[in-house]
Amino acid sequence: MAESSLTTGHDIELKTPYQHGSDVAVTEGKVSGDSGTGSDGERWGQDVLDMQRLGKQQEFKRNFSFISALGFVSIYMATWEFVLVSLSVGLANGGFAGLFWCFITTVLCYGTVVASLAEMASMAPTSGGQYHWVSEFAPPQYQKVLSYASGWMSTLGWIASLASSVYVCGTQIQAMVNVLEPNEVMTPWQLTLVMFAVIAITIVFNTVGAKFLPMLETVSLVGHIAGFFVVLIPLLVLCPKNSAHDVFVHFEANGGWSLGPAYLVSQVTVIYCNLGSDSVVHISEEVEDASLVVPRCMFWSFVYNVLLGIVMLIVMLFCIGPLEDVVNSDVPYLLLFNNTGSPALSIVLNVILFLLIYSGNVTALATSKWNIPFNAVYGTSAGCVILALIQLGSTLAFDIIVSLSVLGLMSTYLLSIGCVFLKRLKGEPLPYARWSLGRWGFWINGFALFYSAFLLVWCCFPSYLPVTASTANWAPLVWVLVILVSYIVYVLYGRRNYTAPVEFVEGRKAAGVGLQSSS
C-alpha cells in the first residue's frame, strides 16, 4: 500500500482496508447499519466504518468532542504541573542546566514515540489501544501472546501512574501543612492513610459521578491553561532570581553519578512529566470522528503541554533559589512557592496545583478502566493501594513508582511501534491512516523504537548512588515479576481462553465471526 506525505486528515475519506464487502449503507455523509448505531440509528460515517473494520460493536455513546477529549488527555499529562512537583532527581543529577537540557533533548526524542502512537490511533481507533495494535500488526505467530503481554503491561503502567499521582497529592497536602507548621512532618503511615483517602474519593468520581466526566474534562482543560498563568505570574513578579549562567550553563551532579550517567538517569522523570498522550486512545470509542480527533488530540496536546512545561521549567529554575537548598529539600517546589515571600500565596498556589493534579488522578483511573463494570474500577484502585504501600519501606517510593509507570507504558509502546516498524521494513500493507506519517513513517518509527528500548534500560537504574535497600530502585523487579505472572497466566488460562482482537478484524477474521462486544 503506497504511503502519502504527512497528512492531518482534512479530507474525510471513508476507507476500510482488509474488507471484502460491506452491508453498511452510506447516505449523505452518515452511515446506517447494524454495528451499534445508537438511538437515532446513525453514526458519523467514518466511525461506523472504523468500528466495522475493527470488528467491534458500538456499545458506548460518542459524547466526547475534540475539546472534551483534548481536556481529557491534557489534564492527565499535566506537564507544567508535574514539572513543579516531580523533577527533584534531575535537579540533583545535573543541577539547573543539566535538568533544562535533559528536558529539551528528552522531549524531542520522545516526540517520535507520540507521533508513532498517534498514527496507530488513526489506523485503529479502538479503546484497546496498544493491546489491539500489537494483535493486529504483530507477525501472525506472535499476535496472541504479545497482545496478551501488552494488555498486562498497559494495565501495570496506568495503575503505577495513578499511584504516583496519588503520592504527589499526599505530599502536596503535607506541603500545605508545612507552610504554616514547618516542623510538622507526616509519618509514613499518615501519608499512606492520606493516599488511601485520595484513592477513595477518586473512585467516587469514576462510579457515582462517571456521567459528569466529559464536563469535568472540559472544565479541567480551562483550569489547566488558566492555572498556568495564575501560578506563573506571581513567581515571575515576586521571587528573587538565579542567574542565567546557573540556569543554562552550570552543570552540577550531586546524586552520586558522574555527569553523563546522571543526565541519562534524569530522563526517566522528564518522560514521566510528559507521559500520557495515549490516555485519550482508551476512550476512542466514545469520541466523535475518532480516527482523526484522537490522533490530533494526542499530538497537539503533547506539543502544547511540552511548550507550557518548558516555560514553567525555566521560571522554576530562575525562581526556586540556591541549588544547595533545593537538593537538600524534601519538597523542592515548596521552596519555590515560599520564595514569593507570602505564606498565604504559597498555600493558594499549592491548592491550585493540588486540584489540577487531582483532576489528572480522575482521568488516570478512567483511562485504566473506563465505562465498564464498577468492580474493574475497584480492582484498579486496589492495585494502586498496593503500590502506595511501597513508601512504607522505601525513602524513594515516588521514584520507584515513576520508574514502574514508565517501564510498563514504554514496554507497550516498544511492542506496538516495533510491530508497525517491522511491517514497514518488510513492505507489508498497513491500514489507511487519516493522520499519517507518510514517507517519514519508517524513520520516525525506527528512531522511536530505538529510543523506547534505550529508555527502558535507564528506567532500571537507581536515581542516586550509593545504593542501599531503602534507596534501591525496585521497579525492575516488580516489572519482571508482572511479566512472569502474565506469562504463567497466559500458559495456564489465556492460551485457551483469550481471543485476540485481530480475530475480529475485517479481512482477518474467519467466516461466520461476528462483532466483538464486552458482553
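The values are calculated or read from the model by the stated rules, or taken from the named source; none is laboratory data. Since the structure is predicted, the reported quantities are computational estimates derived from the model, not experimental observations. A quick note on method: Cβ atoms are made from the backbone with ideal geometry, for glycine too, and the neighbour counts reach across all protein chains shown. Ligands, DNA and RNA are stripped out before the accessible areas are found, and what is left, the full protein with its side chains, is counted by its heavy atoms. Shrake-Rupley method; radii C 1.70, N 1.55, O 1.52, S 1.80 Å.
Below are the figures for this structure:
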{"quantity": "Any hit, the range 504-517, residues being without any contact (Cβ under 8 Å) to a residue 12 or more places away in the chain, surrounded by 12 or more Cβ atoms within 10 Å (Cβ to Cβ) and either in contact with a Leu (Cβ under 9 Å, 6 or more places away or on another chain) or within 25 Å of E136 (Cβ to Cβ) (or both)", "calculated": "no"}
{"quantity": "The lone exception for F248 - which of (1) within 30 Å of S394 (Cβ to Cβ); (2) among the aromatic types (F, W, Y); (3) at pLDDT 80 or above it fails", "calculated": "(1)"}
{"quantity": "Among the residues listed as G95, G55, G90, the single one being open to solvent by less than 10 Å² (accessible area, probe 1.4 Å), in contact with a strand residue (DSSP E or B) (Cβ under 6 Å, 6 or more places away or on another chain) and closer than 30 Å to S463 by Cβ", "calculated": "G95"}
{"quantity": "Considering residues of the range 339-363 that are at pLDDT 90 or above and among the β-branched types (V, I, T) only, the residue farthest from T126 (Cα to Cα)", "calculated": "T340"}
{"quantity": "Selection from the range 201-231 of residues that are more than 20 Å from the chain's Cα centre (by Cα), at pLDDT 85 or above and open to solvent by 20 Å² or more (accessible area, probe 1.4 Å)", "calculated": "A226, F229, V230"}
{"quantity": "Only listed residue being touching a Pro at 6+ places or on another chain (Cβ under 6 Å) and under 18 Å from M176 (Cα atoms), chosen from V348, V326", "calculated": "V326"}
{"quantity": "Condition met for A366 (at pLDDT 85 or above and assigned to a helix (DSSP H, G or I))", "calculated": "no"}
{"quantity": "Breaking point among (1) modelled with pLDDT under 50; (2) open to solvent by less than 20 Å² (accessible area, probe 1.4 Å); (3) in contact with a Leu (Cβ under 6 Å, 6 or more places away or on another chain), for T16", "calculated": "(2)"}
{"quantity": "Qualifying residues in the range 273-283 (those that are open to solvent by less than 10 Å² (accessible area, probe 1.4 Å) and of a type outside the set (V, I, T)) - the one nearest to the chain's Cα centre (by Cα)", "calculated": "G276"}
{"quantity": "Counted residues, the range 444-498 - those being among the hydrophobic types (A, V, I, L, M, F, W, C) and not in a helix (DSSP H, G or I)", "calculated": "7"}
{"quantity": "Residue that is most open to solvent (accessible area, probe 1.4 Å), among those in the range 389-429 that are out of contact with any helix residue (DSSP H, G or I) (no Cβ under 6 Å at 6 or more places or on another chain) and aliphatic (A, V, I, L, M)", "calculated": "L425"}
{"quantity": "Any chance V179 is more than 29 Å from the chain's Cα centre (by Cα) and in a helix (DSSP H, G or I)", "calculated": "yes"}
{"quantity": "Extreme residue, nearest to S86 (Cα to Cα), among residues of the range 316-345 that are surrounded by fewer than 21 Cβ atoms within 10 Å (Cβ to Cβ) and β-branched (V, I, T)", "calculated": "V331"}
{"quantity": "Count - residues of the range 436-479 that are open to solvent by less than 10 Å² (accessible area, probe 1.4 Å) and farther than 14 Å from Y413 by Cβ", "calculated": "4"}
{"quantity": "Exclusive hit being open to solvent by less than 20 Å² (accessible area, probe 1.4 Å), among the small types (G, A, S) and not in a helix (DSSP H, G or I), set G157, G170, G128", "calculated": "G128"}
{"quantity": "The range 94-113 - residue that is aliphatic (A, V, I, L, M) and touching a helix residue (DSSP H, G or I) at 6+ places or on another chain (Cβ under 8 Å) and, of those, farthest from Y451 (Cα to Cα)", "calculated": "A97"}
{"quantity": "Per-region count, the range 413-471, residues within 22 Å of the chain's Cα centre (by Cα) and among the polar types (S, T, N, Q)", "calculated": "5"}
{"quantity": "Residues located in the range 294-309, provided they are closer than 16 Å to L275 by Cβ and either buried (at least 21 other Cβ atoms within 10 Å of the Cβ) or hydrophobic (A, V, I, L, M, F, W, C) (or both)", "calculated": "C297, M298, F299, S301, F302, V303, N305, V306, L308, G309"}
{"quantity": "Pick from the range 239-268, criterion in contact with a Gly (Cβ under 6 Å, 6 or more places away or on another chain) and part of a helix (DSSP H, G or I), ranking: least open to solvent (accessible area, probe 1.4 Å)", "calculated": "A262"}
